[in-house]
Amino acid sequence: MDVTAPLQSGFAQIASALGCHDDYLVCGHRSPDGDCLGSVLGMTSILRALGKRARPIFSSKEPLDEPFLRMPGADELTSADQAVFATSFVMVDASDPSRLGDAARALFERASFKIIVDHHEAERCCADVCHVDPDAPSATCLVWEVARAAGVPLTAELAECCFTGLMTDTGRFQYQNADARAFALAAQMVEAGADVARIAQSFYQSKTLASCRLEALVVERLELLSNDRIAFSWVNEEDLRRVGGRWADCEGLIDVLRSLRTVRIACVLKDHGSEIRGSLRSKDGTDVAALARRFGGGGHKAAAGFTLTCPFPEAARLLKEALAGALADEMDS
Ligand code: AMP
Ligand code: MN
Ligand code: MN
């Protein structure tokens with residue numbers, strides 16, 4: 001494997017690399033979101049348009065949530081635990097193999113040809129060909145550009161998958177990454193047939209009752225720290241049992257905390273029992289990815305995450321300390 005491959009090979013290089021092999025698995029990070037699955041399904045459709053064998057896979061302990069299952073091609077998504085090996089592997093919306101989850105990671109490591117298309121900050125390319133652009137609003141924007149470079153038809157299905165990733169990763173075109181490029185590419189996707197109202201309804205007007213009850217719970221437990229500028233809350237498996245929900249119902253909880261007027265950084269800890277997953281969001285330029293990296297995680301400047309295996313009270317204490325420090329660091333600079 002060429003560990004010295006450049007981080008930004010360009011779209012034409014990715015397109016031509018896709019054409020070089022015949023049998024692909026396509027996968028993104030574990031606990032997939034709209035950008036991850038949009039990229040997986042979009043990349044799979046590009047490969048097939050190029051006449052390749054390609055299978056979309058995902059890593060999750062839970063079945064995929066309904067909005068994901070309505071994405072074009074989602075019926076073919078297979079859990080990585082059940083996936084059959086392919087000699088080539090495309091990793092999307094992640095650039096560190098540890099983000100794939102154990103089963104998909106093993107398939108990635110065994111593959112003899114690897115491609116990475118991602119928009120998370122990365123230090124090096126651990127594949128044969130990479131295009132990693134941390135300034136891209138979503139990984140699906142990169143997938144869309146690869147499709148254009150490959151000269152495959154820009155179908156409504158591809159547009160739908162790519163628009164889903166762009167809409168969800170920019171928080172409905174509201175976050176700092178909703179730049180001119182995001183809107184320009186969105187226009188191309190809508191032109192190609194992405195149905196904005198239907199996709200938005202599927203993702204933002206289809207809440208479960210359990211997720212509403214969980215929102216009530218995290219608000220009830222909300223701790224406001226550092227003059228109300230930090231919002232901290234948590235949820236655990238017992239809560240899920242109580243409301244009859246699952247982890248997918250916790251996706252929007254962090255947004256509720258962030259939406260408070262005084263809040264600059266929001267943190268939700270999700271206690272899965274065997275591990276604690278943290279979500280961080282900032283809305284004032286504080287780099288929460290740097291904060292997440294201190295706990296072995298990562299992500300983007302305004303949206304990041306991490307996983308801890310210590311007892312919950314210790315995780316909560318560590319986080320609250322680090323959050324207060326991050327705010328102080330930011331004010332010093
Ligand atoms: P989440 O809070 O799970 O929605 O994640 C926010 C962002 O952080 C996404 O871009 C994730 O891909 C990234 N992220 C979440 N958890 C981790 C982790 N353990 N390591 C690296 N990046 C992560
Ligand atoms: Mn993602
Ligand atoms: Mn993404």
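With runs of 4+ DSSP H residues as the only contributors, calculate the mean residue ellipticity of the chain at 222 nm using -39,500 (n - 2.57) per run, divided by the residue total and rounded to the nearest 500.
-12000 deg cm²/dmol
Quick check on my link table: of Lys52/Lys301; Lys207/Lys283; Lys114/Lys207, which ones sit more than 29 Å apart, alpha carbon to alpha carbon?
Correct reply: Lys52/Lys301; Lys114/Lys207.
Of the residues Val129, Val117, Val219, which exhibits the maximal mean-square fluctuation in a Gaussian network model of the chain defined by a 10 Å Cα contact cut-off?
Checking each option, the largest mean-square fluctuation is seen for Val219.
Taking a Cβ-Cβ separation under 4.7 Å as the criterion for a possible partner, which cysteines of the chain have none?
Flagged as lacking a Cys partner: Cys20, Cys27, Cys36, Cys126, Cys141, Cys161, Cys162, Cys212, Cys250, Cys267, Cys310.
For Gln82 and Ala187 in one chain, what is 0.36 nm times their gap in residues minus the Cα-Cα distance, to one decimal in nm?
Between Gln82 and Ala187, full extension yields 34.1 nm more.
Place +1 on the Cβ of every Lys and Arg and -1 on the Cβ of every Asp and Glu in the chain, take the dipole about the Cα centre, and give the residue among Phe312, Gly299, Ala5 whose Cα lies farthest towards its positive end.
Phe312
Using the crude model of +1 on Lys and Arg Cβ and -1 on Asp and Glu Cβ, and no other charge, please compute the dipole size for the chain relative to its Cα centre, in debye to 20.
260 debye
Just going by the charge dipole of region 196-253, with Lys and Arg at +1 and Asp and Glu at -1 on Cβ, which of Asn236, Gln205, Leu253 is farthest out on the positive end?
Checked the options; the winner is Gln205.
May I ask you to evaluate 6.51 cos²θ - 1.76 cosθ + 1.60, the Karplus curve with θ = phi - 60°, for each residue of region 8-20 and list the ³J(HN,Hα) values in order in whole Hz, giving x for glycine and proline?
Result, ordered by residue: 10, 6, x, 5, 5, 5, 5, 4, 6, 5, 4, x, 7 Hz.
Determine the distance separating the Cα centre of region 193-272 from the Cα centre of region 120-139; give it in Å without decimals.
That distance is 29 Å.
GNM on the chain, C-alpha springs below 10 Å: top fluctuator among Leu166, Leu217, Leu47?
Looking only at Leu166, Leu217, Leu47, the biggest GNM fluctuation is shown by Leu217.
Could you report the chain's accessible area per residue, 1.4 Å probe, as an integer in Å²?
It amounts to 44 Å² per residue over the chain.
More than 15 angstrom separation, counting every C-alpha pair in region 257-326; what % is that?
Cα-Cα pairs in region 257-326 separated by more than 15 Å: 47 percent.
Once R0 is set to 22 Å, what does the formula 1/(1 + (r/R0)^6) return for the Cβ-Cβ distance between Arg293 and Asp179, expressed as a FRET efficiency to the nearest 0.05?
So, using R0 = 22 Å, E works out to roughly 0.40.
Which percent of the accessible area of the chain is formed by carbon and sulfur heavy atoms (probe 1.4 angstrom)?
50 percent
To the nearest 20 Debye, how big is the dipole of region 151-235 about its Cα centre, given +1 on the beta carbon of each Lys and Arg and -1 on that of each Asp and Glu?
160 debye
At 1.002 mPa s and 20 °C, plugging the Kirkwood radius over alpha-carbon pairs of region 211-333 into Stokes-Einstein gives what diffusion coefficient in µm²/s?
In µm²/s, the coefficient rounds to 150.
What is the Cα centroid distance between region 274-326 and region 19-50, reported in whole angstrom?
Their Cα centres are 29 Å away from one another.
May I ask for the longest run of the chain untouched by chymotrypsin sites (Phe, Trp or Tyr not before Pro) that are loop-located per DSSP and have at most 16 neighbouring C-beta atoms (other than their own) within 10 Å?
Result, exposed sites excluded: 174-333.
Modelling each spin label as a point 7 Å along the Cα-to-Cβ direction, I'd like the Gln201/Glu314 distance in nm, to one decimal.
The answer from the label model is 5.0 nm.
Contact order normalised by length for the chain, with contacts defined as Cα pairs under 8 Å and 6 or more residues apart; what percent is it?
14 percent
Given the alpha-carbon gyration tensor of the chain, what are the semi-axes of its equivalent ellipsoid in whole angstrom, ordered largest first, with each equal to the square root of 5 times an eigenvalue?
Semi-axes, largest first: 32, 21, 20 Å.
For region 176-280, compute the orientation-averaged projected area of the C-alpha convex hull (one quarter of its surface), in nm².
Taking the Cα atoms of region 176-280, their convex hull projects to 8.5 nm² on average.
Sequence-distant or interchain residues sharing an amide H contact under 5 Å with Ala54, placed H: which?
Tyr24
The values are calculated or read from the model by the stated rules, or taken from the named source; none is laboratory data. All of these numbers come straight from a predicted model, not from anything done at the bench. Cβ: placed from backbone, ideal geometry, glycine included. Neighbour counts: every protein chain shown. The accessibility values were calculated without ligands, DNA or RNA, using every heavy atom of the protein model including side chains. Shrake-Rupley method; radii C 1.70, N 1.55, O 1.52, S 1.80 Å.
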